[in-house]
Structure formats: structure tokens, C-alpha cells
Amino acid sequence: MSEMTRVALDAMGGDNAPGEMVKGAVEAVKKRKDIKVLLTGREEVLKQELSAYTYPQEQIEIVHAEEVIETAEPPVAAIRTKKDSSLVTALKLVKRGEADAFVSAGNSGAVLAGGQILVGKIKGVERAPLAPLIPTAKGVALLIDCGANVDARPSHLVQFAQMGSIYMEHIVGKKNPRVGIVNIGAEEEKGNALVKETFPLLKACKDINFVGSVEAREIPAGEVDVVVCEAFVGNVILKLYEGVGGTLIHKIKASMMTSLRSKIGALLVKPALKATLKDFDASQYGGAPLLGLKGLVVKTHGNSTSKEVCTSIIQCVSFKEQQINEKIQEAIGRPEDAKAVTG
């Protein structure tokens, strides 16, 4: 049997907590015998939720935490004042080495701040980016950064490219992943000051496969495997991606119900359409890891269901097995990389 991966789950965080969090934990331990979930939150509430399920009890443990950090609370203040919250308690388990990973659908700012303050960055990492996988016509791409660093510098983006390449190669299995920087045109001289300054640094970085600029319309086509940008741009891309995808699916379903002929046609194409839509279902890829930390911190959508929670928990096993943190430490710490990053 493989070594057990211990995942601290913020069971009180998210729009659907604690119900969907607990259900996701149960689904994860039923699928994998090498996972132990540490549910952090109000013990009596979590016991009540768990009572509805049959599961291997040795794989789920409740760690009591009385407080809850709400979605609208100021992140840093919440981390510092609510030390007995489910979110802080779970992060501290990772910090102390009592858990290998942390998963939460709660307050995004608190997850980002707590990850960097409590778990801490790997030595040499300047900023920790949030990096979700997004579906493309050729599989998936890593969008880095999508929400953690809205005022990034060129050296930060170079490190994002390095960390993203490591993640895509060892977690997704994409050899020599293509790296592109988000731009408003293909030409090197285009873009804002940040992109123009970063472009030559990425070209000079020898341990990534930099292919140049990538325009937003090329991202869904899968033209690159690692999409590099600062968090403001990344977050806009991610939200537009989700919005267009949801709207398109809704429109397709509605149009198929307009007449008897379209309903018959819908029955004929349903299997193929279902398979296609599944490929573009972001929930199957789990949460977004905050790369560059001393421990694994994963942020899932605030409205995550048990399916996304389960997938996020299971993805922590691959992260641990592939020793991503160690590989990032090795890459960022090498003298030649440091020179490339600083320019």
C-alpha cells in the first residue's frame, strides 16, 4: 500500500459548507485507500454530517475548530484574529507537518494570505501564484497566475513560468510544456510595460520552452500549455472562460428543446455532446494550487460541490508523490535560474 497522504480540509469554508465538504471527503476516501482527510471545523456539526454516510472511519478524522472565517471578511485581519477558525487550524496542520496538504473552498484572500503567512514560501520564491488547470481543445493548460499577485514584476512572471512548467510536466505529464505570455498581439514589441520587460527574460530562461506571446483567443485552442500572466489578467481570463462556457452550454440545451425535430436530434447527438461537454467541465480538474509554498495549499471554487472537493483532495496525492515542492526548490534555487530571473 502506498504511503498515506494526509489532507487537511477546511470543512466550514465555502458556499456549500459543511455538507458538500464532508460529502467530498467521504467520496475521496472511498475511492482511495492512501488518503486520510482531517476535517477542521465544529466537531458536533461535522459528526452530524458524517453520520449520514458509511465510510472507512480510520481515514477521516475531525479536528475541532470553533470559529469560521466568512467570505466577506478582510483576509489578513481574519487570519490574525480568528486563530481558532477552521481555515487557520487546517493551515497550521500543514505548517506543523501533521498534514501534507490543505484544501479549502472558503475566503480566497484568507487562503492566499494564510498560505504565505502560516505555511510560508519556499526559499528563493518571490511570489506564490495561484494556478488552475483550464480545459482546451488539446487537453488542459495551466493558467498562472489567476488571483494571487495583481502587481507582479517581470522576475515574478519568470518564476511563474518555471513553476508552471514543473507542474505541467510532473503532474499533468506534459513533456517540455510550451510556455506563452498573455499579450495583445504576437509581435515581441507589443504589450504593456510588464509584458515588454518580461518577454526577453523568458527568452533567456533556459529551463522552459518559451514559445512567445499568446493571445486570449488562442488559449482555448490549446496553443500553449502554460499561460503566464499577472493575476488581474489571469482572473479576468478565468472568469470569462467560466462565464462563456456556462452560457454556451445553457444555450445549446435550450435550442435543443425548441421543437420536436430538435428534440429528436438532441437524442441522437446526446452521447457525443455529453462527452464533449465533459471535456470542458473544469470541476474534473480539482482546485488551483498555490505554487511555491513549503506545503501544498489548494483553493477550490467557493461554490464547489462534493465532486470538486473530492477531486481536489485526490490531486494532492500526485502532488506529494511527484515531490513538486522539492522540484520547485531545486529549480528556483539554481544560480543560473536566479541570474535569468533578475535579468
By average C-beta atoms within 10 angstrom, highest first, the peptides 127-133, 304-310, 51-57: 127-133, 304-310, 51-57
Share, in percent, of DSSP beta bridges within the chain that are antiparallel, nearest 5: 20 percent
Largest-first ellipsoid semi-axes for the range 31-86, taking √(5λ) over the Cα gyration tensor eigenvalues, angstrom: 27, 13, 9
Answer label for Cα Rg over 2.2 N^0.38 Å (calculated), chosen among (i) 1.09; (ii) 1.02; (iii) 0.95: (ii)
Rounded accessible area of ILE69 (nearest 10 Å², 1.4 Å probe): 10 Å²
Rounded to the nearest 10 Å², the accessible area of VAL45 at probe 1.4 Å: 60 Å²
Under the Karplus curve 6.51 cos²θ - 1.76 cosθ + 1.60, θ = phi - 60°, whole-Hz ³J(HN,Hα) for the range 118-135, x wherever Gly or Pro sits: 8, 7, x, 7, 5, 4, x, 7, 7, 9, 9, x, 8, 9, x, 7, 10, x
Built amide H within the under 5 Å cut-off of SER213, gap 5+: ILE181
Mean separation of Cα contacts under 8 Å (6+ apart) over length of the range 136-251, as relative contact order %: 42 percent
Of LYS31/LYS174; LYS175/LYS206; LYS33/LYS320, those spanning more than 19 Å from alpha-carbon to alpha-carbon: LYS31/LYS174
Antiparallel bridge percentage (DSSP; both residues within the range 28-150; nearest 5): 40 percent
Convex hull of Cα atoms in the range 19-171, direction-averaged projection (nm²): 11.0 nm²
Solvent exposure ordering (accessible area, 1.4 Å, most first) of PHE199, PHE210: PHE210, PHE199
Taking N as its residue count, the alpha carbon Rg of the range 72-121 over 2.2 N^0.38 Å: 1.01
Hull shadow area, averaged, the range 1-105 [alpha-carbon convex hull, nm²]: 6.3 nm²
Rg/Rg_ref, the range 139-248, where Rg_ref = 2.2 N^0.38 Å and atoms are Cα: 0.99
Karplus 3J(HN,Hα) series, Hz, for the range 25-37 with 6.51 cos²θ - 1.76 cosθ + 1.60 (x for Gly, Pro): 5, 4, 4, 5, 6, 6, 7, 10, 8, 9, 10, 10, 9
Residues with amide H under 5 Å from that of SER85, placed H, sequence gap 5 or more: GLU67
Largest to smallest accessible area among ARG261, ARG32 [probe 1.4 Å]: ARG261, ARG32
Solvent exposure, largest accessible area first (probe 1.4 Å, DNA, RNA and ligands not counted), of LYS320, LYS174: LYS174, LYS320
GNM result for the chain, Cα springs below 10 Å: residue of GLY106, GLY124, GLY114 fluctuating most strongly: GLY124
Shape category assigned to the range 167-228 from the gyration tensor of Cα positions, a/c cut at 1.5: oblate
Most mobile of VAL269, VAL103, VAL94 in a GNM of the chain (Cα contacts under 10 Å): VAL269
Estimated D of the range 97-165 in µm² per second, where Rh is the Kirkwood radius over Cα pairs and Stokes-Einstein applies at 37 °C, 0.692 mPa s: 243 µm²/s
Rounded to the nearest 20 debye, dipole of the chain from Cβ charges on Lys, Arg, Asp, Glu: 700 debye
Sum of -39500 (n - 2.57) over DSSP H runs of 4+, divided by residues of the chain (222 nm, nearest 500): -13500 deg cm²/dmol
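The values are calculated or read from the model by the stated rules, or taken from the named source; none is laboratory data. All values derive from a computational prediction rather than experimental measurement. Here Cβ is always computed from backbone atoms with ideal geometry, including for glycine, and neighbour counts include all displayed protein chains. Protein only, heavy atoms only, side chains kept; ligands, DNA and RNA dropped before computing areas. Shrake-Rupley method; radii C 1.70, N 1.55, O 1.52, S 1.80 Å.
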